[in-house]
Amino acid sequence: MKAVNLDAVWWLVSPGNPLKANGPADIERRVRACRDLVDHPRVHVTDIERYFGSSYTANTLQRLSRRYSGVRFIWLMGADNLASFHHWEDWQWIIETYPICVLARPGDQVHAGLSPAAQRYAEIRVPASQAASLGRRKGAGWCLLTGPMSDTSSTRLRADGVWS
C-alpha cells in the first residue's frame, strides 16, 4: 500500500477463473479464509464480483468505475497473472485504461517481464521507484514491484487438499 500510495486495497475474491478448467472452492469459505489472513483497517475483502455476476476483470472494472465514479482504481495482480494476461478477456483495454501494479511472485518475475503484455506495453512501464505515481498518471501505466514473497498459490492449496 505504501509503495503504490494506496488509500485502501479491495481484495476481490473471484467466483471463478474462466481460464481454469476446475472451479474454486466455495466462495464463502474463501472469503472467510482471506478475512482471517488479513487484519488491516484499509484492506477490504469482498466478493463483489459474485454480485456483479462477473468473472471477467474488464467487466468488474467497468462496473466498479460506474458505481464508484470518484475513485481512481489501480489493478493489483501477481506476476503469474501478467505472464498469462494476454489470454484475459479485453486485456488490452484493461492495460490501456487502468494503472496496474504487478506484485512479484516466486519464479514468475522473469516470465512476467518477458510476457506478451509486458513486451507490447513496455513504453508505459513505470520504474518501481515511481510506483507511487501510478494513481496520479494521466492514462495508463504499469509497474512490477518486488518485495517479500510467498510461494503459496491457490493451485498449490488445491493440490495439497486445503480446499477440497
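The values are calculated or read from the model by the stated rules, or taken from the named source; none is laboratory data. Bear in mind that the values here come from a model prediction, so they are computed numbers and not experimental data. Note that each Cβ is placed from the backbone with ideal geometry, even for glycine, and that neighbours are counted across all protein chains shown.
Scan the stretch 44-89 residue by residue and report those that are touching a residue at least 40 places away in the same chain (Cβ under 8 Å), assigned to a loop (DSSP other than H, G, I, E, B) and exposed (fewer than 15 other Cβ atoms within 10 Å of the Cβ).
Residues satisfying the conditions are 72, 89.
For the stretch 95-144, give me each residue that is surrounded by 14 or more Cβ atoms within 10 Å (Cβ to Cβ) and polar (S, T, N, Q).
Matches in the stretch 95-144: 97, 109, 115, 133.
Do we have any residue at all in the stretch 9-16 that's surrounded by 13 or more Cβ atoms within 10 Å (Cβ to Cβ), modelled with pLDDT under 90 and out of contact with any Asp or Glu (no Cβ under 8 Å at 6 or more places or on another chain)?
yes
Count, please, the residues in the stretch 104-140 that happen to be closer than 22 Å to residue 92 by Cβ and basic (Lys, Arg).
Qualifying residue count for the region: 4.
So which residues in the stretch 92-136 are touching a residue at least 60 places away in the same chain (Cβ under 8 Å) and either in a strand (DSSP E or B) or within 15 Å of residue 75 (Cβ to Cβ) (or both)?
Within the stretch 92-136, 101, 131, 134, 135 qualify.
Go through (1) more than 23 Å from residue 6 (Cα to Cα); (2) modelled with pLDDT of 90 or more; (3) aliphatic (A, V, I, L, M) for residue 110 and report which single condition fails.
So the condition that residue 110 fails would be (2).
Exactly one condition in (1) modelled with pLDDT of 95 or more; (2) surrounded by 20 or more Cβ atoms within 10 Å (Cβ to Cβ) is false for residue 92; which is it?
The single condition residue 92 does not satisfy is (2).
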